[in-house]
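What follows is one structure encoded as structure tokens, with my remarks underneath.
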Amino acid sequence: MSKILIIEESQKWRDIIGEFLTPSHNLTYWPDGKDIVTLLRNEHFEIVILNIQLEQSDGFGLLNRILQVSPRTPIIAISAIEEASLIVRAVKEGAFDFIVKPFSKEKIQLSIQRGLETKGLKNEIDYLKREQDVVYDFDRIIAYSAPMGKMIDTLKKFSQTDSTILITGETGTGKSFLSGAVHYNSSRREKTFIKINCANIPETLLESELFGHEKGAFTGANKTRIGRLEQGHGGTVFLDEIGEMSPELQAKLLRVLEEKSFERVGGNKTIHSDVRIIAATNRKPEDQVAKGKFREDLYYRLNVLRVHIPPLRERRECIEPLSHYLLEKICRNLRKKIEGFSPQALVAFKSYTWPGNIRQLANTIERAAILEESNMIQTENVILPELNRKPEEAPVVEEEISNTLDDRERDTIINALEESLWIQKDAAHQLGISPRALNYRIKKHGITHTRWRKNK
């Protein structure tokens with residue numbers, strides 16, 4: 001069912017359009033006392049049917065405001081008067097189609113079908129053309145909370161410089177996406193943007209991935225390879241999970257930051273590359289430096305400009321709009337039509353602490369969308385671990401969670417323990433569960449640490 005906004009004052013024509021479209025579409029009528037701009041920002045409509053000759057409002061003014069807020073939404077203009085000048089003006093100012101009253105059910109349905117097809121085609125073309133300047137528009141990033149708004153304003157300023165940026169934040173908060181936003185809003189936007197996850201590539205391969213290698217540099221090096229830092233000349237290289245990089249590679253990276261130069265593995269020719277480095281970590285870099293796991297000089301060189309992304313639990317105002325955005329995106333991929341979430345599902349989302357942040361939210365919504373058979377996501381299809389219950393609600397032994405969620409639960413517990421210096425009481429407090437419940441899960445997942453007296 002497509003969601004359609006009907007802008008019509010005449011109750012007669014509201015009834016007629018409703019009779020034509022209600023069986024196959026979800027209709028919303030305006031005017032209804034709400035501000036049109038607020039309505040469009042809070043709800044997504046796939047088609048707008050607009051009486052261009054309203055008595056109480058300026059039809060063309062509404063047309064322009066709708067296109068400003070939702071430029072890709074097809075607008076079907078309707079009118080009781082068939083005048084060439086009126087039709088030309090409506091189409092010229094952005095109307096997708098113009099239909100004269102009285103019209104048949106078939107005519108309005110055909111216009112809607114053409115509008116939906118055109119919109120889908122435009123979205124597909126945009127995706128294929130990779131219009132990243134639109135995707136990474138800072139003003140379109142969902143940032144309803146004060147901390148997120150402040151962070152976005154900071155990144156806007158950072159994007160106008162060429163200085164190195166360090167982004168910190170928990171796993172799944174959007175560090176990779178925001179690094180792209182910085183690049184595509186900078187003077188380097190026409191050049192290459194390269195992402196490298198330092199935790200996903202073995203150390204022996206990461207050096208070659210970054211710096212490249214000469215033919216014969218090691219067994220299997222059958223030809224010269226250009227490294228990512230060399231490929232990124234003039235552009236931006238994003239190094240995710242920089243804290244996982246070995247001390248040896250950290251030293252080589254420090255030289256890149258200071259001199260913009262390096263040698264390929266097995267080579268002696270100095271390569272110069274003008275790249276902007278954006279680094280990210282889900283750890284506290286100061287703690288890594290104190291433990292000797294991260295070079296202090298590299299830390300200071302990376303920490304020129306720094307921004308911290310707040311976790312989802314600290315920006316709960318973003319949860320509902322993010323959920324709707326993710327659902328729409330997921331449904332397009334699944335080719336399913338789900339209108340939204342039940343009130344109970346939204347309450348569950350807003351009360352949960354989301355240790356996996358946006359990534360976990362997206363995975364939860366995708367699973368629910370696959371299981372859902374109605375037009376609204378219901379709570380029975382929202383699968384959330386019991387990990388974030390309040391201490392007084394946490395049972396000693398809980399039901400088995402699915403295998404995919406077991407892995408996520410184990411990673412979440414280890415992250416909390418690391419951040420709490422492996423003090424179980426502090427980790428339990430951070431996770432929002434009782435120490436007894438945490439101890440049960442530690443044993444369940446076989447988590448051990450040399451500091452603990454008992455590792456059973």
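Where a number appears in this text, it was derived from the coordinates with a stated rule and is not lab data. Being a predicted model, the structure only gives us computed values, none of them experimental. Positions of Cβ are generated from backbone atoms using ideal geometry, with glycine treated the same way; all protein chains shown enter the neighbour counts.
Some points to look at:
- Cα gyration tensor shape of the chain, rounded if a/c is under 1.5, else prolate or oblate by comparing a/b with b/c: oblate
- Modelled spin-label separation between LEU421 and GLU317, with each label point placed 7 Å from Cα along the Cα-to-Cβ direction: 3.5 nm.
- Of the two radii for segment 125-246, the radius of gyration is 1.03 times the Kirkwood radius, both from the alpha carbons; that is the Rg over Rh value.
- Under a model in which nothing but the beta-carbon of Lys, Arg (+1) and Asp, Glu (-1) is charged, the chain shows a dipole of about 1220 debye around its Cα centre.
- Under 26 Å from the Cα of LYS425 - lysines, other chains or at least 8 residues apart: LYS284, LYS291, LYS293, LYS350, LYS390, LYS443, LYS444, LYS454, LYS456
- Packing order of peptides 441-450, 274-283, highest average first: 274-283, 441-450 (average count of other Cβ atoms within 10 Å over each peptide's residues).
- Of all aspartates and glutamates in the structure, those lying under 12 Å Cα to Cα from LYS260, and not within fewer than 8 positions of it along the same chain, are GLU230, ASP274.
- For segment 313-384, size of Cβ-based charge dipole, Lys and Arg +1, Asp and Glu -1, in debye: 240 debye
- Prolate/oblate/rounded call for segment 279-343, Cα gyration tensor, a/c under 1.5 rounded: prolate
- Rounded to the nearest whole Hz, the Karplus-based 3J(HN,Hα) values (6.51 cos²θ - 1.76 cosθ + 1.60, θ = phi - 60°) of segment 52-68 follow the sequence 6, 10, 6, 7, 8, 9, 8, x, 6, x, 5, 4, 5, 5, 4, 5, 5, with x at glycine and proline.
- With the helix formula -39500 (n - 2.57) applied to DSSP H stretches of n ≥ 4, the chain reaches a computed 222 nm mean residue ellipticity of -13500 deg cm²/dmol.
- For the pair GLU209 and LYS105, the difference between a 0.36 nm per residue extended length and the Cα-Cα distance amounts to 31.4 nm.
- Computed lengthening from ASN64 to ALA199, 0.36 nm per intervening residue step minus Cα-Cα distance: 43.8 nm
- 3J(HN,Hα) from dihedral phi, segment 353-364, Karplus parametrisation 6.51/-1.76/1.60, rounded to Hz, x for glycine, proline: 8, 6, x, x, 6, 4, 4, 5, 4, 5, 5, 5
- Loop-located GluC sites (Glu not before Pro) in segment 266-364 (DSSP state other than H, G, I, E, B) with a sparse environment of at most 12 neighbouring Cβ atoms within 10 Å are absent.
- Qualifying trypsin sites (Lys or Arg not before Pro) in segment 21-101, DSSP loop, other Cβ atoms within 10 Å at most 12: ARG72
- Taking a ≥ b ≥ c as the square roots of the eigenvalues of the alpha-carbon gyration tensor, segment 313-384 is classed prolate because a/c is 1.5 or more and a/b outweighs b/c.
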